[in-house]
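The values are calculated or read from the model by the stated rules, or taken from the named source; none is laboratory data. As the structure is a computational prediction, the values presented were derived from the model and not from experiment. Virtual Cβ from ideal backbone geometry, glycine too; neighbours counted across all protein chains shown.
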Amino acid sequence: MLNAVRNTRLKKTFQTLVYMPHFVSWVVVAGLVFSLVDFESGAVTNLIRFLTGKKVDVLSSPSAFLSMLVITDIWKETGWGAIIYLAALSGISAEYYEAAKIDGASIFQQFFYITLRMLMPTVNVMLILRIGGMVSGGFDQIYNLYNEQVYNVADVLDTFTYRYGIGNGLFSLGTAVSIFANIINVTIMLTANKIIKLCGGEGLY
């Protein structure tokens, strides 16, 4: 959609708004989130109370905290995906679309038969890399946002390793968990790469 915008000024403004969160540290994002979901005066907390009639402590409620993690991750990392896919889109020759228009292809047909097919190598690589980090999760995001009230639902292997391995001085445990997580990540990534290649796609190698 962003690639189809023809107004240069509008496009650049929208790109800046989408890209900017990706380059902001999770420390800064955490400060912003804490202000928005503050139990006493947070804008999001007051909005939830207005809509539902209940006051929810997002930072200590397991279900609300997980929803907040998903929303903040999407908001912050959408810009990175936009950068990658717009770069891939810029590499698609306009001649394909011109030929498709001459043949009477609709906008949807151009998207499915040209845009989507030309983007598949990029989609495959991004998918493999994303799957490869699935076990560890986003350490920076979770560590800066969570607290002991949601450890049981928010902990991932990296935060567990940090808390127990470094925080409690159990360095052997932390090392073992890190090695285990890396082995699982590499195995999943190689498996995903193999499956994509078997399906006719382009993998990492």
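Numerical summary
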read-out	value
Residues located in segment 45-85, provided they are assigned to a helix (DSSP H, G or I) and over 25 Å from G137 (Cα atoms)	T45, N46, L47, I48, R49, F50, L51, T52
Unmet criterion (only one of (1) modelled with pLDDT of 85 or more; (2) in contact with a helix residue (DSSP H, G or I) (Cβ under 6 Å, 6 or more places away or on another chain)) for D57	(2)
Filter pass, G201 being outside any helix (DSSP H, G or I), surrounded by 15 or more Cβ atoms within 10 Å (Cβ to Cβ) and either among the hydrophobic types (A, V, I, L, M, F, W, C) or touching a residue at least 60 places away in the same chain (Cβ under 8 Å) (or both)	yes
Some residue of segment 33-43 being farther than 19 Å from Y143 by Cβ, hydrophobic (A, V, I, L, M, F, W, C), modelled with pLDDT under 90 and under 16 Å from the mean Cα position of the chain (by Cα)	no
Cross-chain or 6+ apart pairs with Cβ under 8 Å, segment 120-146 first and more than 18 Å from V24 (Cα to Cα), then of a type in the set (D, E, K, R) and assigned to a loop (DSSP other than H, G, I, E, B)	M120/E202; P121/E202; N124/E202; V125/E202; Y146/D155
Hits in segment 85-102 (condition: of a type outside the set (S, T, Y), surrounded by 15 or more Cβ atoms within 10 Å (Cβ to Cβ) and without any contact (Cβ under 8 Å) to a residue 60 or more places away in the chain)	A88, I92, A100
Options D38, D73: the member that is under 28 Å from N124 (Cα atoms) and of a type in the set (D, E, K, R)	D73
Condition check for T161: over 21 Å from the mean Cα position of the chain (by Cα), of a type in the set (S, T, Y), surrounded by 13 or more Cβ atoms within 10 Å (Cβ to Cβ) and assigned by TED's automatic domain parsing to the domain that holds Y205	yes
Residue count, segment 103-113 (criterion: in contact (Cβ under 8 Å) with a residue 12 or more places away in the chain and within 30 Å of T191 (Cβ to Cβ))	1
Conditions (1) in a loop (DSSP other than H, G, I, E, B); (2) in contact with a Pro (Cβ under 6 Å, 6 or more places away or on another chain); (3) not polar (S, T, N, Q): number failed by V150	(1)
Which numbered condition L129 fails, given (1) surrounded by fewer than 16 Cβ atoms within 10 Å (Cβ to Cβ); (2) more than 22 Å from the chain's Cα centre (by Cα); (3) in a helix (DSSP H, G or I)	(2)
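A quick yes/no check of all residues on (1) assigned by TED's automatic domain parsing to the domain that holds I83; (2) aliphatic (A, V, I, L, M); (3) surrounded by fewer than 16 Cβ atoms within 10 Å (Cβ to Cβ); (4) touching a strand residue (DSSP E or B) at 6+ places or on another chain (Cβ under 9 Å):
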| site | (1), (2), (3), (4) |
| --- | --- |
| L10 | yes, yes, yes, no |
| T16 | yes, no, yes, no |
| M20 | yes, yes, yes, no |
| W26 | yes, no, no, no |
| A30 | yes, yes, no, no |
| S41 | yes, no, yes, no |
